[in-house]
1. So is residue 28 among the β-branched types (Val, Ile, Thr) and either touching an Asp or Glu at 6+ places or on another chain (Cβ under 8 Å) or within 16 Å of ligand 2 (Cβ to nearest atom) (or both) or not?
2. Check the range 48-61 and report whether any residue there is closer than 25 Å to residue 169 by Cβ and either assigned to a loop (DSSP other than H, G, I, E, B) or open to solvent by 10 Å² or more (accessible area, probe 1.4 Å) (or both).
3. Which condition number in (1) modelled with pLDDT of 95 or more; (2) within 14 Å of ligand 1 (Cβ to nearest atom); (3) surrounded by fewer than 22 Cβ atoms within 10 Å (Cβ to Cβ) is the one that residue 320 fails?
4. Looking only at the range 530-558, which residues are under 28 Å from the mean Cα position of the chain (by Cα), of a type in the set (A, V, I, L, M, F, W, C) and open to solvent by less than 20 Å² (accessible area, probe 1.4 Å)?
5. Hey, can you tell me all the residues within the range 381-412 that are closer than 16 Å to residue 311 by Cβ and open to solvent by 10 Å² or more (accessible area, probe 1.4 Å)?
6. Among the residues of the range 55-74, is there at least one that is in contact with a strand residue (DSSP E or B) (Cβ under 9 Å, 6 or more places away or on another chain), more than 16 Å from ligand 2 (Cβ to nearest atom) and among the basic types (Lys, Arg)?
7. Let me confirm something: among 157, 65, which residue is among the hydroxyl-bearing types (Ser, Thr, Tyr) and open to solvent by 50 Å² or more (accessible area, probe 1.4 Å)?
8. Take the residues in the range 260-282 that are more than 16 Å from ligand 1 (Cβ to nearest atom) and out of contact with any strand residue (DSSP E or B) (no Cβ under 7 Å at 6 or more places or on another chain), then tell me which one is nearest to residue 218 (Cα to Cα).
Amino acid sequence: MTSLSVTSINTVIFDGQKPGTSGLRKAVKVFQQQHYTENFVQAILDAQREKLLGSTLVIGGDGRYYGREAVQKIIKIAAANGVSKLLVGQNGILSTPAVSTIIRKNKTLGGIVLTASHNPGGPNGDFGIKFNCENGGPAPDAVTNKIYELTKTIKKYKIVNDLHVDIDKIQSFSIQVDGKPFTVDIIDSVNDYTALMKEIFDFDSIKKLLQGSDGNSSFNVLIDAMNGVTGPYVKRIFGKELGVSESNMVNCVPKEDFGGLHPDPNLTYAAGLVNAVKSDPYDFGAAFDGDGDRNMIIGKKAFFVNPSDSLAILANNLNVIPYFRKTGIKGYARSMPTGAAVDRVATKTNIQCYEVPTGWKYFGNLMDAGKLSLCGEESFGTGSDHIREKDGIWAALAWLNVIASVKKPVEQILLDHWGIYGRNFFTRYDYENCDSDKSNKMMDYVENLINKNDFVGTKLKSGNKTYVVKEADNYSYKDPIDGSVSSKQGLRILFEDGSRIIFRLSGTGSSGATIRLYIESYESDPSTFVQDPQVILKPLVDISLNLSKLGEYTGRDKPTVIT
Ligand code: G6P
Ligand code: ZN
């Protein structure tokens, strides 16, 4: 067997290798600098300390530009650092949910995901590297902080320069590195994930729904992979397993630059899907982001399902899904800015509902402790304890499983739900790529304002609406399982009638700052249910913009994206 040796390379330190909400994300050009990627990978491995020797790691990503180079670098650096085995997705392709699935199935030490999620790709786009731990979930703050600290002192990295593995061919490749065996298994990217989906959902009933049976016409879906990683998963699961025809699955070949698309499934960036479903007789549309963990669901005529509502609907119908019939429903959770519709389902069914900061990593501990079955975020993330990532395809299948069971169109499901629980109107305004300094100043200004002693009790008015401040703070979270505290997670203004305004800076951008403004209010009057959230929430939006002086600070008079 070939034997290769390890080289130690002197390196230079790069500032700012601090993982954000979901890993290290920067422009491709930043990662392409000599030593930049190597340093970060070495720091990830060093953060594992003694657990690294003899370990197995999963490697794969969303297929974006620079992914293949990064995979080769990781293979060489992992080999040099005493890792025994790598499970690498063929062509370097693994969706984020698939990485989580494979880590858990093979009980590996973790995995490295090469993705900048929903950020655009290509030579001028973004790249990202994220570490997931042995539970299959994104590394918690303690681990990412350790990685960051290591990047600030790194002097050398270790590499096996002469190691080249063909990642396009399914194979098991073994060599000796300084006398110790090292194996790279190139694995099928979709097999394990598909098998898991088939265990969770009732594929037979979904298939009957999609193909039409018992005198019902077929349920016409349009699935949009947005040129991201989910293409092969969509084709296998929706196409091969569920019989959806080719023409109903679009943008299903992963492209290094996502074909120029911004692979974020929302009303702005997935306009292609929205327009197609609006103008043709589709019953259902779904789109996923670059790495396959986000989802957007729309009904006939592009009836939009807000992610906060999507979570509540699934919570309310979870027992139709075979997986949850088996495991029982242990609890629900949502991120703090997410609309509180799910809380109402939890209260009614007497099931615990947790609120955590933004970021999927905060759900992991609750799931590992057996306290959480279903969770979601307003940022188009929905998922369950089947893995430790949010899961786009899972969400679409969950919806189809529910529809197959309740036999109602999407819009009717929402209307019936609001009829029982009332409607939590929700909207999010994103101001992308703002000046960082000015955005920070605005956040400081708002924080000072809401911290003033007399702010609680203030009456804020817009038109004929008045809202009385009940509580205001910079949100802080104490993890109920390990007691760790995450502070400064977003400025909250909570009103006496349950309405909320939240200001937060995004943690996933790669340059500048993105300000997110989240607005929620609750209505129990059925005549409001069919109204446009933008109309219902306008008074609160106006109050937020006045109060924060957002326009003055940022020079923006309208958001980049409205959800
Ligand atoms: C990623 C994470 C999500 C999180 C989202 C927030 O998608 O996986 O868990 O909700 O980022 O992004 P933001 O840009 O608001 O920090
Ligand atoms: Zn993503």
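The values are calculated or read from the model by the stated rules, or taken from the named source; none is laboratory data. Every value quoted in this text rests on a predicted model; they were computed, and no experiment measured them. Neighbour counts run over all protein chains shown; Cβ positions are idealised from the backbone, glycine included. For the accessible areas, the whole protein counts, side chains as well, though only heavy atoms, and no ligand, DNA or RNA atoms are used. Shrake-Rupley method; radii C 1.70, N 1.55, O 1.52, S 1.80 Å.
1. yes
2. yes
3. If we test residue 320 against (1) modelled with pLDDT of 95 or more; (2) within 14 Å of ligand 1 (Cβ to nearest atom); (3) surrounded by fewer than 22 Cβ atoms within 10 Å (Cβ to Cβ), just (2) comes out false.
4. Scanning the range 530-558 gives 537, 540, 541, 550.
5. 385, 386, 390
6. For the range 55-74, residues in contact with a strand residue (DSSP E or B) (Cβ under 9 Å, 6 or more places away or on another chain), more than 16 Å from ligand 2 (Cβ to nearest atom) and among the basic types (Lys, Arg): present.
7. Just a single option satisfies the conditions, and that option is 65.
8. 281
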